[in-house]
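Presented below is the structure to which this report refers.
What follows is calculated from the coordinates using simple rules that are stated; it is not laboratory data. Keep in mind that what you see is a predicted model, and the values were worked out from it rather than measured. Cβ sites come from the backbone with ideal geometry, for glycine too, and all protein chains shown count toward neighbours.
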Amino acid sequence: MIPSDERIARLLLETRTIALVGASMKPGRASFRVGNYLASVGYRVIGVNTGHVGKTLFGQPIVRSLSDIQEDVQLVDIFRKSERVLPDVEEALASLNGLRGIWMQLDIRNAEARNLAESKGLTVIEDRCTAIEHRRLLGRSKSA
């Protein structure tokens, strides 16, 4: 199901912490730019990347996996190839408290992952950029 603008805006407004899967330390990468934007508008952004564990990104230490995150996460933002999304969604569902949504970035779609997450009551967004949608629906401020 394609969520309405209202549902996407509500998810963004109710989110405090975002786990960013596939976070990059390289400023030229989309995951870096999007994570940096989200942190700049007030979200706590926790990078997930096995190659950079313990380094600081967006003011937070990078973790190896979603199951390493000990606090509530409302949104998982995924920067991976479509065929690699399902294990991340399964791990998120099994290990994250407070989860409300799964976001697959531009050109990322996975019907099996979407159906699984939606069956658990989560909002699922595919093939959209979190930063673009945030700016479009809420403006620059998280509380807009």
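Taking Val53, is it surrounded by 14 or more Cβ atoms within 10 Å (Cβ to Cβ) and more than 23 Å from Ala9 (Cα to Cα)? Criteria met by Val53. Taking the numbered list (1) surrounded by 13 or more Cβ atoms within 10 Å (Cβ to Cβ); (2) more than 19 Å from Ile125 (Cα to Cα) in turn, Glu71 passes all entries but (1).
The set of residues in the range 1-50 being exposed (fewer than 15 other Cβ atoms within 10 Å of the Cβ) and hydroxyl-bearing (Ser, Thr, Tyr) consists of Ser4, Ser40, Thr50. Among the residues of this structure, Val124 does not count as one that is surrounded by 17 or more Cβ atoms within 10 Å (Cβ to Cβ), touching a residue at least 12 places away in the same chain (Cβ under 8 Å), touching a strand residue (DSSP E or B) at 6+ places or on another chain (Cβ under 7 Å) and part of a helix (DSSP H, G or I). Listed by position, the helices (runs of 4 or more DSSP H) inside the range 1-115 whose residues that are over 15 Å from Cys129 (Cβ atoms) and touching a helix residue (DSSP H, G or I) at 6+ places or on another chain (Cβ under 7 Å) number at least 3 are 85-95.
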